[in-house]
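Asks: My questions all concern the structure below.
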Amino acid sequence: MKKFNKVSMLAILSVSLVFGLVGPLTTFADNIPFINITVTPSITTPLPYGGDIVAYTYNVTNPSLVSMSNVSISDNRCSSISGHSGDFNGNNLLDPSESWVYHCQVNIPISTTSIITVQGSGNNFTANNYAFASVLVSFPGFPNTGIFYTI
């Protein structure tokens, strides 16, 4: 029988949705905004029992041809997301060539999966993307009592 005290750690999944599409995709392809997000926790192995502080880095990009306004980001496990860097021309639009980076730190006492949501608007469309990041915390092992049983 195998005994597992630690579980491998990082699971990231990203799903994109665009709302407002009202015609054939080929008609609107150049005018539809898309938004991508990746999230990277600072820890890539299970945390010790009791947890620790984890720093998340969120990278938001725009793979479309449309600049995006009203870009917002949220994380259900880390509420203090700091402002973005990467708006190189200072127009407060996520342009196709830009990559905006956000940061957040939070204490993770138990295994946790974060759901990160990013949203932006362009050409009367709203684009959403979701990312998921799991951070695992080891559970305590049994104390070494020095007593062994043979069956």
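The values are calculated or read from the model by the stated rules, or taken from the named source; none is laboratory data. Only a predicted model underlies this, so the values are computations on that prediction, with no experimental measurement involved. Note that each Cβ is placed from the backbone with ideal geometry, even for glycine, and that neighbours are counted across all protein chains shown.
Asks: From the list Val18, Val22, which one is exposed (fewer than 11 other Cβ atoms within 10 Å of the Cβ), at pLDDT below 50 and either part of a helix (DSSP H, G or I) or not aromatic (Phe, Trp, Tyr) (or both)?
Replies: Val22
Asks: List the residue pairs whose Cβ atoms are under 6 Å apart, where the first residue sits in the stretch 32-57 and is in contact (Cβ under 8 Å) with a residue 24 or more places away in the chain, the second is of a type in the set (Lys, Arg) and surrounded by fewer than 21 Cβ atoms within 10 Å (Cβ to Cβ), and the two are 6 or more positions apart or on different chains.
Replies: Short answer, once both residue conditions are applied: Pro46/Lys6.
Asks: Sticking with this structure for a sec: Which of the residues belonging to the stretch 83-114 are under 15 Å from Val54 (Cα atoms) and either of a type outside the set (Val, Ile, Thr) or surrounded by 14 or more Cβ atoms within 10 Å (Cβ to Cβ) (or both)?
Replies: Of everything in the stretch 83-114, those that are under 15 Å from Val54 (Cα atoms) and either of a type outside the set (Val, Ile, Thr) or surrounded by 14 or more Cβ atoms within 10 Å (Cβ to Cβ) (or both) turn out to be Tyr102, His103, Cys104, Gln105, Val106, Asn107, Ile108, Pro109, Ser111, Thr112, Ser114.
Asks: Do the conditions hold for Ser138, that is, is it more than 28 Å from Val66 (Cα to Cα) and in contact with a strand residue (DSSP E or B) (Cβ under 8 Å, 6 or more places away or on another chain)?
Replies: yes
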